[in-house]
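Data first, discussion second: the structure below is written as structure tokens.
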2 protein chains.
Amino acid sequence: MLHRAIGIFDSGVGGLTVFKEIMHLLPGEDLLYLGDTARVPYGTKSAATVEQYALEAAAFLADQGVKLLVVACNTASAVALPALRERFQLPVIGVIEPGARRAARSLNHRIGVIGTEGTINSGRYREAIHALLPDAQVVAVPCPLFVPLAEEGWAEHEVARLTAQEYLQPLIAAQIDTLVLGCTHYPLLRNTLQQVLGPQVQLVDSAEETALRVAELFREQGLARPEHGGRRAFFVTDVPTRFERVGRAFLGDVLGPVKQVRIG
Amino acid sequence: MLHRAIGIFDSGVGGLTVFKEIMHLLPGEDLLYLGDTARVPYGTKSAATVEQYALEAAAFLADQGVKLLVVACNTASAVALPALRERFQLPVIGVIEPGARRAARSLNHRIGVIGTEGTINSGRYREAIHALLPDAQVVAVPCPLFVPLAEEGWAEHEVARLTAQEYLQPLIAAQIDTLVLGCTHYPLLRNTLQQVLGPQVQLVDSAEETALRVAELFREQGLARPEHGGRRAFFVTDVPTRFERVGRAFLGDVLGPVKQVRIG
């Protein structure tokens, strides 16, 4: 059992930010990554459809034999965790609880959350933050243009700055001191967001927090591999060309061969 | 046979522009529309995956019994027409040939084409224009941000203007007199595009041209319904909420009940 890999899935390439942080914290573990690139994005789709896609992605990883499932997609974490935990006899970690835990350290208790429509409409970040900090004022805003801007390579373009000014206006008005980047693509926009919000606002990257939570769980439950493995494998549901190109920007040469698979 | 409906499909809601034009030109025909909203968008996915999705969408419409198939999606028209024509014993019309035919009326033979990555990378517009106008200079540019901008309702926002200035730069430099809007969402950006390009550039809307081509085929092949029908039905693959909301902006009250179906 302990020799099994950690399975990580996302709707596409963005979850590689989570993969990278886990790889750094737990370098001896085998990691399997699945990007559902034939059906990306999840963020604009209904909760029912995202739940079905997440169950199919998780079933593929479970069939490979994994000891832990990491949902590296905010939208899937927001709507599919209960169904995943019911279906699979495995620990399942999403990205929302870890991000909320970090955000709850806010000093002025005014917290911003940005994400896809699916994530924001689910209200899960708000719930998770209020569970830890009941008096928090949470301002949650969907930012649908940030993913295409990041994928276009325009994260620091004038267009991204102008878009951020528009989306972040209610967060600035609410004088937040903490902003949760509730989508795995958003860390690519970090410089632009920080510039628009000012240096006093703390940006919370769910990828880092999730990797810390995984490492903590490994210590608590003694899940670590007895000897060094460190194998990595990458799977996608569309042809791998685009994933390989964009993925290399996230992971560099760590990104090995990417194999196309059918799921669902 | 003549009593059968016309089947129209797109990856999502954008094909309703084609639906609307066909409805105006052939008001007595029954129309079935399918939006593959559970897997939208097609424009960033591989040709193989888009071909498979298009075959599944067409099979659903063929099972309803249609007399003509209209591929109201530029990406699917670019990569899936040969496979669709081979599989189904029906006339199949895409949006690329009609758009190219209109563009070939360019006076200075300098023609711009904008579309998704899938459409532009396929080279099909360039081929179709060169078949009609061999000396044409065709400048084709992918504009991935235009669809999310249109869906965000920012078609006339400063962000859209700035984005258009950047994307259209090579077309302005080439002094085009005609621009093909090679994606069903782009007509929503018409004002912004015209403003950036100047009034001397003719914008070609594939939706209008495709509807004209369908009407022409009906005359040529005697496909028209003997008596007035005019029933319309709408199907999607994700839950209909979002489609109904955005679709009403395209069609108004013509958009009747939308039914979710499973395909593939």
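The values are calculated or read from the model by the stated rules, or taken from the named source; none is laboratory data. These figures come from a predicted structure and were not determined experimentally. Please note: Cβ atoms are built from the backbone with ideal geometry, for glycine as well, and neighbour counts cover all protein chains shown. Quick note on the areas: whole protein, heavy atoms, side chains included, nothing else; ligands and nucleic acids left out. Shrake-Rupley method; radii C 1.70, N 1.55, O 1.52, S 1.80 Å.
Could you look at the protein assembly as shown and say what percent of its accessible area is carbon and sulfur, using a 1.4 Å probe and all protein chains?
Numbers: 10450 of 20950 Å².
So the carbon and sulfur contribution to the accessible surface is 50 percent.
Which GluC sites (Glu not before Pro) does the range A:122-222 hold that lie in a coil by DSSP with at most 16 other beta carbons within 10 Å? If you can, show how the numbers build up before the last one.
On the way: sites: A:127, A:151, A:152, A:156, A:158, A:166, A:208, A:209, A:216, A:220; in loops: A:152, A:156.
Taking the range A:122-222 and a limit of 16 other Cβ atoms within 10 Å, the loop GluC sites (Glu not before Pro) found are A:156.
Determine the sum of side-chain charges near residue A:27: Lys and Arg each +1, Asp and Glu each -1, restricted to other residues whose C-beta is under 12 angstrom from that of residue A:27. Can you show the working numbers first?
Numbers: positive: A:20, A:225, A:231, A:232; negative: A:21, A:29, A:30.
Once positives and negatives cancel, what remains is +1.
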So if we plug the beta-carbon distance of residue A:63 and residue B:195 into 1/(1 + (r/R0)^6) with R0 = 35 Å, what FRET efficiency do we get, rounded to 0.05?
0.05
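Full extension from residue B:157 to residue B:221: what is 0.36 nm times the residue separation minus their Cα-Cα distance, to one decimal in nm? Mind dumping the intermediate values first?
On the way: separation 64, 0.36 × 64 = 23.04 nm, distance 4.47 nm.
That works out to 18.6 nm of additional length.
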What dipole magnitude, in Debye to the nearest 20, does the range A:97-206 give about its Cα centre under +1 on Lys/Arg Cβ and -1 on Asp/Glu Cβ?
360 debye
For residue B:153, inter-copy label distances in nm, listed shortest first [label point 7 Å out on the Cα-Cβ vector]
3.3
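Enter the buried accessible area of the B/A pair, total of both sides, probe 1.4 Å, in Å² rounded to the nearest 100. The partial results should precede the final answer.
Working: alone 11690 and 11680 Å², together 20950 Å².
Summed over both sides, the interface buries about 2400 Å².
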Rounded to the nearest 10 Å², the accessible area of residue B:248 at probe 1.4 Å
110 Å²
From the label point of residue A:117, set 7 Å along Cα to the beta carbon, how far off in nm is each other copy's matching point, shortest first?
2.1
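In debye, nearest 20: dipole of chain B around its Cα centre with unit charges on the Cβ of K, R (+) and D, E (-)? Walk me through the numbers on the way to the answer.
Working: 25 positive and 28 negative charges, 71 e Å.
For chain B, the charge dipole is close to 340 debye.
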Inter-copy label distances at residue A:27 (7 Å, Cα→Cβ; nm, one decimal):
7.3
For labels at residue B:107 and residue A:117 in the simple 7 Å Cα→Cβ model, what's the distance in nm?
4.2 nm
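Taking 8 Å as the Cα distance limit and 6 or more residues as the minimum spacing, I'd like the relative contact order of the range A:165-213 as a percentage. All intermediate terms of the calculation are to be shown ahead of the outcome.
Numbers: 33 pairs, mean separation 22.2, N = 49.
Once normalised by length, the contact order is 45 percent.
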Name the residue from B:49, A:14, A:123 whose Cα lies farthest towards the positive end of the charge dipole of the protein assembly as shown, charges +1 on Cβ of Lys and Arg and -1 on Cβ of Asp and Glu.
B:49
Dipole check, the range A:80-138, charges on Cβ (K,R +1; D,E -1), about Cα centroid: among A:138, A:114, A:100 the Cα furthest to the positive pole belongs to A:100
Within straight-line cross-link reach of residue B:259, aspartates and glutamates at Cα separation under 18 Å, skipping those fewer than 8 residues along the same chain
B:10, B:30, B:36, B:56, B:63, B:238, B:244
Using alpha-carbon pairs under 8 Å, 6+ residues apart, how would you state the relative contact order of the range B:97-205 in percent?
35 percent
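What FRET efficiency would be calculated for the residue pair residue A:166, residue A:244, taking the C-beta separation as r and a Förster radius of 25 Å, to the nearest 0.05? Kindly include the intermediate steps, with their values, before the conclusion.
Values: r = 33 Å, r/R0 = 1.33.
Computed FRET efficiency for residue A:166 and residue A:244 comes out at 0.15.
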Name the helices (complete DSSP H segments) of chain A with a Cα length along the long axis of 18 Å or more and a Kyte-Doolittle mean of at least -1.0, or state none.
A:47-64, A:74-87, A:158-173, A:206-221
